[in-house]
């Protein structure tokens, strides 16, 4: 049985005269591997910002697990299980990966207001951190300063932080963007190994990753949904081909 | 390699030399009774700097008006002693409570805006209070200061003496207790979320931390600690004057943190010791031009780097 976990109804975002998001409807199924693609400037990141509450929508409604979350601030959407990663790493520079994850896991488990305990005192939190470090191949670097990590490791930490929030819906904003070839495979494997019960919306430029990973694809052009379907349907869609292979290529480099 | 848990806990807790250090400091008023007054002064400004470190060092709230809470605590404690009850501990509680309430009210002003906005707003609040204390002279004594504050004996037994020994021990005790409390705060999961807010507020919100509530709570708590420093100041000097609200007070505390290092609990204490001793020694030699040497010291400190100048830099590593 399919169940919708995240739904956008007629989302519109205007910045002055520019319509960055144009009546977007989007449904994410439970356990989905849903990709959102589109040329540069198609409004993918704006859509993510609307979904996560960084930007207020001009019009429209967002539902998470059947509840309207359109008016909730970002941190409350996270508490309900809607978590994102960032296209440009957003890490905590002064902390080590271990400290970062210990902080995030504590916060997620409602210990974030505990001022009388020490960070690391709770054995269950530490055990969860060790799991995450192993899953994201960060165990060897867990004591190093985040700012000094190689780019690929920082990218992994970016995703580990999001998974530490125990998401029901995970929005991955270009997880492999800018990762050098040598570190890419590690990252792709961790994306593929994300827990099956986490529904994923993947925003990505990398078509290999999209077609390998996604079971459903939505194509966004000029802020509006051009089409949506299975990878086979999208791969053979003439409109999509036109956007990506025809004049779309110019847009891509614009 | 250390396992995750012991690594997380390794920065926390007291090291073996810390109790010795504090014991030595507590012995100072007895060993050098002639210097008890300066020990008292240093303990008070150290407490104020620790309070500032909570907001500036750990949470990244830029402020040049922290003296608002120091001054409010000072005046409230002094007024309480003069008109209601001379007991020092009651007065201390009143000073802390008053500054905490003021901190909670003022925390609304620092939730929004950039560093520059906060710099101006915090300074504005301190100026407002300064002028209020100046204008309400029927209550505060105006520019003459609030005089005739007579303190009762501490715990009903220890009179404040002229040499300032009781005062020094009283201030050191309050400093130690609040220092230990503040240290526990910053080493807790809650403290880690403060640093997350400081490092990256965007991501902090994206992992479910309510950034405004963290800012408001830490600002309020730090205001209470600053209020304690203010109460100690008024009680041990028997006097409260307008300069407790002055911009210089706030700026000096920032300088102390810069000297001792921000985001490190001993930074405020160390900075206060260095700053006050330099002030005392240099102004003893050249009373009019001591700020010249202070300025020179700051420039050298910033350009050469604290790490390279510090003789105990290896002790600092890994501590909170």
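No value in this document is a laboratory result; all are computed from the given coordinates. As the structure is a prediction and not an experimental result, all values here were calculated from the model. As a convention, Cβ positions derive from the backbone with ideal geometry for all residues, glycine included, and neighbour counts pool all protein chains shown.
Evaluate Rg over Rh across the range B:31-316, taking Cα atoms for both radii and Kirkwood's formula for Rh.
Using only Cα positions, Rg/Rh for the range B:31-316 is 0.97.
Just to confirm my numbers, what's the Cα centroid distance between the range A:195-212 and the range B:21-87 in Å?
56 Å
If I fit a long axis through the Cα atoms of helix A:123-135 and take the longest principal axis of the Cα atoms of chain A, what angle between them do I get, 0 to 90°, rounded to 10?
50 degrees
Roughly speaking, what is the stretch gain from residue A:186 to residue A:9, that is 0.36 nm per residue apart minus the C-alpha to C-alpha distance, in nm to one decimal?
That works out to 60.1 nm of additional length.
If you scale each eigenvalue of the Cα gyration tensor by 5 and take the root, what three semi-axes come out for chain A, rounded to whole angstrom and sorted largest first?
Working: eigenvalues 200, 92, 53 Å².
Listed largest to smallest, the semi-axes of chain A are 32, 22, 16 Å.
Between residue B:90 and residue A:239, how many nm apart are label points set 7 Å from Cα along the C-beta direction?
That separation, rounded to one decimal, is 8.0 nm.
Determine the percent antiparallel among the DSSP beta bridges restricted to the protein assembly as shown, to the nearest 5.
Around 60 percent of the beta bridges assigned by DSSP in the protein assembly as shown are antiparallel ones.
Relative to the compact-globule scaling 2.2 N^0.38 Å, provide the ratio for the alpha-carbon radius of gyration of the protein assembly as shown.
On the way: Rg = 28.3 Å, N = 574, 2.2 N^0.38 = 24.6 Å.
My calculation over the Cα atoms of the protein assembly as shown gives 1.15.
Taking every Cα atom in the range A:69-117, find the radius of gyration and the maximum pairwise distance Dmax, and write them in Å.
12.7, 36
At 7 Å along the Cα-to-beta-carbon direction for both residue B:147 and residue A:59, put a label point, then send me their distance in nm to one decimal.
The two pseudo-label positions are separated by 7.3 nm.
Pick from A:29, A:67, A:117 the residue whose mean-square fluctuation is largest in a GNM of chain A, springs joining Cα atoms under 10 Å.
For chain A, modelled as a Gaussian network with Cα springs under 10 Å, the answer is A:117.
Which of A:177, A:127, A:20 moves most in a GNM of chain A, Cα contacts under 10 Å?
A:127
Working from Cα positions, state the angle (0 to 90°, nearest 10) between the long axis of helix A:181-192 and the longest principal axis of chain A.
90 degrees
I want to make sure I understand the PRE zone here: with the label point 7 angstrom from the Cα of residue A:222 toward its beta carbon, which residues in the range A:1-32 have backbone N atoms less than 15 Å away?
A:18-24
If you line up the long axis of helix A:151-164 against the longest principal axis of chain A, both from Cα atoms, how many degrees apart are they, to the nearest 10?
For helix A:151-164, the angle is close to 80 degrees.
Within the range B:1-42, whose backbone N sits under 13 Å from a point 7 Å along Cα→Cβ of residue A:145?
No residue passes the distance filter.
Suppose each label sits 7 Å from its Cα in the direction of the beta carbon; what would the residue B:137-residue A:134 distance come out to in nanometres?
Here the answer is 7.5 nm between the modelled labels.
For residue A:88 and residue B:289, FRET efficiency with R0 = 35 Å and r from the beta-carbon atoms, rounded to 0.05?
0.10
In what sequence, highest mean first, do A:106-116, B:54-64 appear when ranked by Cβ atoms within 10 angstrom?
Top of the packing list down: B:54-64, A:106-116.
Taking only Cα atoms and a 10 Å spring cutoff, compute GNM fluctuations for chain B and point out the largest among B:298, B:233, B:175.
Highest fluctuation of the listed residues: B:298.
Could you tell me how far the Cα centroid of the range B:99-130 sits from the Cα centroid of the range B:183-246, in Å?
Using only Cα atoms, the two centres lie 12 Å from each other.
Taking 0.36 nm per residue of sequence separation and subtracting the Cα-Cα distance, how much length would be gained by fully extending the chain between residue B:114 and residue B:181, in nm to one decimal? Please list the in-between numbers first.
Working: separation 67, 0.36 × 67 = 24.12 nm, distance 2.94 nm.
Stretched fully, the residue B:114-residue B:181 segment lengthens by 21.2 nm.
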